[in-house]
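For reference, the structure is listed below as structure tokens.
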Amino acid sequence: MHIFESPSPDDGDSWFCFMNNDVVCGKDWLVELDKAVREHPEMDSMCPNIRERGEGVKFGYATWVHLDGCCIFCRSRALKKIWPFDERFRFFFQDDDYCEQLALHKIVHGKVMSSMIRHLGAQTMPEDESARPLLFQCRDEFIGKYGTDVYIRREREKRAIV
């Protein structure tokens, strides 16, 4: 994951980008994000879109519906509320934990439907089954932190997308 900070002074309005190393950015993707945040200054977290191009901003906290974890922008004032990230989620469930923290702190998050990127996907994962134990460990940590009901809700939201 690469971390970038905007060049503006840290007045709580700086933006941080968390992006996987297997993301290809589309034409004007950053311009579209900038337009969206100017139209919605209350938005302190956002991500571009990896599915079909659309219009407007989809607000909410559902993983894959409102947030694709491969590329997330978070304003420093919001990051201060949710920092530090929970290190128990070393690969899996990081995006789910991020969404839960946004909702818990009532931080406005939106997916900018006109900002297109491509996530090559699974480029950082081993091709064999060696990551499976980590997946189950992170799942169990997530359930331990938020409960079975939250885990089931999140999994249903994801299945509605695919």
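The values are calculated or read from the model by the stated rules, or taken from the named source; none is laboratory data. Remember, predicted model here, so these are calculated numbers, not experimental data. Glycine gets a Cβ as well: all are built from the backbone with ideal geometry, and neighbour counts include every protein chain shown. Heads up: the accessible areas ignore ligands, DNA and RNA and are worked out on the full protein's heavy atoms, side chains in. Shrake-Rupley method; radii C 1.70, N 1.55, O 1.52, S 1.80 Å.
Placing unit charges on the Cβ atoms of the charged side chains and taking the dipole of the chain about its Cα centre, the candidate lying farthest along the positive direction among Cys17, Asn49, Cys74 is Asn49. Relative to the longest principal axis of the Cα atoms of the chain, helix 148-161 runs at roughly 60 degrees.
Would you compute, from DSSP H runs of 4+ residues alone, the mean residue ellipticity of the chain at 222 nm, taking -39500 (n - 2.57) per run and dividing by the full residue count, rounded to the nearest 500? If you can, show how the numbers build up before the last one.
Numbers: 5 runs with 58 residues, N = 162.
That comes out to -11000 deg cm²/dmol.
With every protein chain kept in place and ligands, DNA and RNA left out, what is the accessible area per residue of the chain? Probe 1.4 Å, answer in Å². Heavy-atom accessible area per residue stands at 57 Å². Take every Cα pair under 8 Å whose residues are at least 6 apart in sequence, average their separation, divide by the length of the chain, and the relative contact order is 31 percent. Stretched out straight at 0.36 nm per residue, the stretch from Asp149 to Leu120 would grow longer than its current Cα-Cα span by 7.4 nm. Under a 5 Å amide H cut-off, with hydrogens placed 1.01 Å from N, Ser114 pairs with Gly54, Gly56 among residues at least 5 apart or on other chains. Taking every DSSP bridge with both residues inside the chain, close to 75 percent are antiparallel. Close amide-amide hydrogen proximity is noted between His40 and no other residue 5 or more places distant or on a separate chain, at a cut-off under 5 Å (H modeled in the peptide plane; Pro and chain starts excluded).
Need the C-alpha centroid separation for region 77-97 versus region 39-70, integer Å. Computed from Cα coordinates, the inter-centre distance equals 17 Å.
Here the Karplus curve 6.51 cos²θ - 1.76 cosθ + 1.60, taken at θ = phi - 60°, turns the phi angles of region 17-31 into couplings of 10, 10, 9, 5, 7, 10, 10, 10, 8, x, 4, 6, 4, 6, 4 Hz, with x standing for Gly and Pro. Read through the labelled values (i) 53, 29, 29; (ii) 41, 30, 28; (iii) 53, 34, 26 and report the label of the one computed as Cα extents along the principal axes in Å from the structure. Evaluating Cα extents along the principal axes in Å on these atoms matches (ii). Maximal additional length on extending the Lys81-Asp34 stretch stands at 14.7 nm, based on 0.36 nm per residue less the C-alpha distance. Here Ser14 and Glu129 are evaluated by their C-beta separation; at R0 = 35 Å the FRET efficiency comes out at 0.30.
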